[in-house]
Amino acid sequence: MTAIWAGIDAGKTHRHCVVIDDTGKRLLSRRVANDETELLKLLGDVLDLGEVTAWGIDLADGGAGLVIAVLLNHGQHLLYIPGRAVNRASEGYRGDGKTDAKDAAIIADQARVRRDLMPLRTGDELVTELKVLTSRRRDLADDRTRAINRLRGHLTGIFPGLERELDLGNAGPLVLLTGYQTPAAIRRTGVKRLATWLRNRKVRGADQLAAAAVQAAEKQHTAVPGEKITAQVVHSLAKEVMALNEKIAETDKLIEGRFRQHRHAEVIASMPGIGPLLGAEFIAATGGDMDAFDSADRLAGFAGVAPAARDSGKISGNLHRPKRYSRRLQRVFYTSALI
């Protein structure tokens, strides 16, 4: 049978597939919906054209999950070609335009000529769960950071002295802001009653927090325009941050539980500075299978911790920071080094 290569440009609702032979001639070009029935029909039509040497795709997860699962479940050899590599390679092909069909053809041709592309394998359920959970935690942490920044902005607008005193990364100051947001309200309450109110809500260091809040309130007797509605926004944002903290804590427990179940968990956690959360990120970034890397050097290059050479002519030993690497895996090693 004729040897053929297929390239898939993955989109949100549709994919474009182009099939080429060993001369680069297009044998098929089709846009299909992200639907199992249509994907199976496409697979059948492609297999009727010849023996597929490899499929190339520019996404390794997320919206491409269904098409990847369909191909791997039917024993197809699938190669991952990063979108950045596709964009760079497009400069070497005819035409300045950019279409899904052209990108799919470039992906197919790159799968035909390159020998350094990483194959996609069927991941085990545990690794997939860790990818989902770690991504979810990162989203929650980003949401919390945005909410805290908004909270600080609004609090600074009406009560800058209190904003300077509070560490909103801790639970106690957030509890305080759910009940008291303005200088006048805190002055009326006083240190003793405010400390009692905080202790009843199980806030650690209630006496010190109450004293600091009242001291800040004594320094501001001016009511800022819009203070009342801003105080309501501060109350709402403090509640939002507390809720996000609870969701992050719940997610951390789920991540740790699944990380401990992984066969390499003990070895990964033995590395300096890496605990369950960073260990889960490590598994999610690498797939949890070191067989995917030929050597330690390959892993270091993938993580972006190995310098890249930039030698030319008489210049040698010129090393610089690499541009192509896994940001996710580099963050694991960077954070572990800080710890």
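The values are calculated or read from the model by the stated rules, or taken from the named source; none is laboratory data. Only a predicted model underlies this, so the values are computations on that prediction, with no experimental measurement involved. Backbone-built Cβ (ideal geometry, glycine too); neighbour counts: all protein chains shown. What goes into the accessible areas is simple: the full protein's heavy atoms, side chains included, and nothing from ligands, DNA or RNA. Shrake-Rupley method; radii C 1.70, N 1.55, O 1.52, S 1.80 Å.
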So, in region 101-129, of the ones that are among the β-branched types (Val, Ile, Thr) and open to solvent by less than 50 Å² (accessible area, probe 1.4 Å), which residue ends up farthest from Gln76 (Cα to Cα)?
-> Val127
Within region 150-170, can you find the residues that are among the small types (Gly, Ala, Ser) and within 12 Å of Gln220 (Cβ to Cβ)?
-> Gly161
Would you please list the contacts, defined by Cβ atoms under 6 Å and residues six or more apart or on different chains, that run from a residue in region 4-30 that is over 10 Å from Ala108 (Cα atoms) to a residue that is among the polar types (S, T, N, Q)?
-> Thr13/Asn34
Within region 1-77, which strands (runs of 3 or more DSSP E) (wholly inside it) include 3 or more residues that are surrounded by fewer than 16 Cβ atoms within 10 Å (Cβ to Cβ)?
-> 26-33
Selection count where residues are at pLDDT 90 or above, out of contact with any strand residue (DSSP E or B) (no Cβ under 6 Å at 6 or more places or on another chain) and of a type in the set (Lys, Arg), scope region 92-113 | 1
Does region 88-105 include one or more residues that are part of a helix (DSSP H, G or I), touching a Leu at 6+ places or on another chain (Cβ under 7 Å) and not polar (S, T, N, Q)?
-> no
Can you name every residue in region 308-335 that is touching a residue at least 60 places away in the same chain (Cβ under 8 Å) and open to solvent by 50 Å² or more (accessible area, probe 1.4 Å)?
-> Arg324
Ala280 open to solvent by less than 30 Å² (accessible area, probe 1.4 Å), within 20 Å of Tyr80 (Cβ to Cβ) and not basic (Lys, Arg) | no
List the pairs whose first member sits in region 188-210 and is assigned by the TED database to the domain that holds Leu162 and under 15 Å from Glu165 (Cβ atoms), whose second member is part of a helix (DSSP H, G or I) and of a type in the set (Ser, Thr, Tyr), and whose Cβ atoms are under 9 Å apart, counting only residues at least 6 apart or on separate chains?
-> Ala206/Thr196; Ala210/Thr189; Ala210/Thr196
Evaluate region 130-146: report whether one residue or more is open to solvent by 10 Å² or more (accessible area, probe 1.4 Å), assigned by the TED database to the domain that holds Lys239, outside any helix (DSSP H, G or I) and modelled with pLDDT under 95.
-> no
